[in-house]
1. Would you mind working out the magnitude of the charge dipole of the chain relative to its Cα centre, with +1 at each Lys and Arg C-beta and -1 at each Asp and Glu C-beta, to the nearest 20 Debye?
2. By how many degrees, 0 to 90 and rounded to 10, does the Cα axis of helix 37-49 deviate from the longest principal axis of the chain?
3. Just to verify a number: FRET efficiency for residue 107 and residue 8, C-beta to C-beta distance, R0 = 35 Å, to 0.05?
4. In degrees, nearest 10, range 0 to 90: what is the angle between the Cα axis of helix 4-23 and the longest Cα principal axis of the chain?
5. Over all directions, how big on average is the projection of the convex hull of the alpha-carbon atoms in the chain, in square nanometres?
6. What do you get for the angle between helix 59-68 and the principal long axis of the chain? Use alpha-carbon atoms, 0 to 90 degrees, nearest ten.
7. My understanding is that a pair violates if its Cα-Cα distance is over 26 Å; which of 94/148; 45/125; 55/109; 10/125; 55/124; 5/45 do that in this structure?
8. Suppose only helical runs count, i.e. DSSP H with n ≥ 4. What mean residue ellipticity at 222 nm does that imply for the chain under -39500 (n - 2.57) per run, divided by all residues and rounded to the nearest 500 deg cm²/dmol?
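What follows is calculated from the coordinates using simple rules that are stated; it is not laboratory data. On a predicted model such as this, the values are computed, not experimentally measured, just so you know. As a convention, Cβ positions derive from the backbone with ideal geometry for all residues, glycine included, and neighbour counts pool all protein chains shown.
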Amino acid sequence: MANVKILEAKQTVIDEIAEVAKSSASFILFDYRGLTAEETAELRKALRDNGAKYKVWKNTLTKRALDSLNYNLDDCLEGPSAMAYSNDSVAPIKTLSDFAKDHKALEIKGGIVDGEVTDLETIKKLAALPSREGLLTMLATGLIGTVKDLSIALNLLSEQKEESK
């Protein structure tokens, strides 16, 4: 019979994983095999700089935690798995995708984004989205163009009214 302390320790880890998966906007699983210690440190730093965290838990404990939340990511939990998670839905995805471009050993498997199990194809689409700052810039540029167009239209209307007097 298993030692009660070992079972309690495992349950504590399962509860921690479940809490992280439930409370994070994104919880991405990836294979890190083949990364050197320096590359792993570089990845951790990149994730941290973008507001995400990096953790490696045992697949069996991760599976139990995810099963308790009714998330089926069994196919993502084959082989060594690490998790990147954040309160930002896209930050860890973009960071991992950018890192994988230069480090072919890193392979994104899947995950949970905004409470939904997300496959690799969807993750690739999310990685291609502009950053929050990029979207805000695009919005501001569009608004400036709209205000400029409105100003020109009002100016033309004003000139037409003065000519008709």
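1. My answer is approximately 340 debye.
2. So the helix axis and the longest Cα principal axis differ by about 50 degrees.
3. 0.55
4. Compared with the principal axis, the helix lies near 10 degrees.
5. Answer in nm², one decimal: 14.1.
6. For 59-68 against the chain, the angle is about 60 degrees.
7. In this structure, 94/148; 10/125; 5/45 lie more than 26 Å apart at Cα.
8. Only helices count here, giving -19500 deg cm²/dmol.
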